[in-house]
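Here the structure comes first, spelled out in structure tokens, and everything after it is commentary.
Every read-out reported here was derived from the displayed coordinates using simple, explicitly stated rules and does not represent laboratory data. Everything quoted here is computed from the prediction, not taken from an experiment. All Cβ positions, glycine included, derive from the backbone under ideal geometry; neighbour counts span all protein chains shown.
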Amino acid sequence: ATCFFYIANEGLSILENGGKLGVRYPSVLEKTLEQLREKSE
């Protein structure tokens with residue numbers, strides 16, 4: 001369970017950084033990332 005948490009956390013970080021660099025993702029994925037970002041604040 002702990003390993004899964006860290007893998008998922010790093011995966012989300014990679015996706016967020018890719019978005020900042022201009023990588024385009026499907027709109028569903030972008031909305032999900034935005035919701036996760038809002039919850040973390």
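Could you please rank T32, T2, placing first whichever residue has the fewest other Cβ atoms within 10 Å of its Cβ?
If I rank by nearby Cβ atoms, fewest first, I get T2, T32.
Taking Cα atoms, how many degrees apart are the long axis of helix 2-20 and the longest axis of the chain, rounded to 10 and kept between 0 and 90?
Once rounded, one gets 20 degrees.
Mean residue ellipticity at 222 nm from the helices of the chain, using -39,500 (n - 2.57) per DSSP H segment of n ≥ 4 over the full residue count, to the nearest 500 deg cm²/dmol?
-27000 deg cm²/dmol
In nm, what is the difference between 0.36 nm times the number of residues separating F5 and K39 and their Cα-Cα distance?
So the chain would gain 10.6 nm between F5 and K39.
Using a 10 Å cut-off around each Cβ, can you sort L36, L12, L21 from fewest to most neighbouring Cβ atoms?
Sorted ascending by nearby Cβ count, the order is L21, L36, L12.
Test of the criteria: in the chain, which trypsin sites (Lys or Arg not before Pro) are in a DSSP loop and have at most 11 other Cβ atoms within 10 angstrom of their Cβ?
Qualifying residues, ordered by number: R24.
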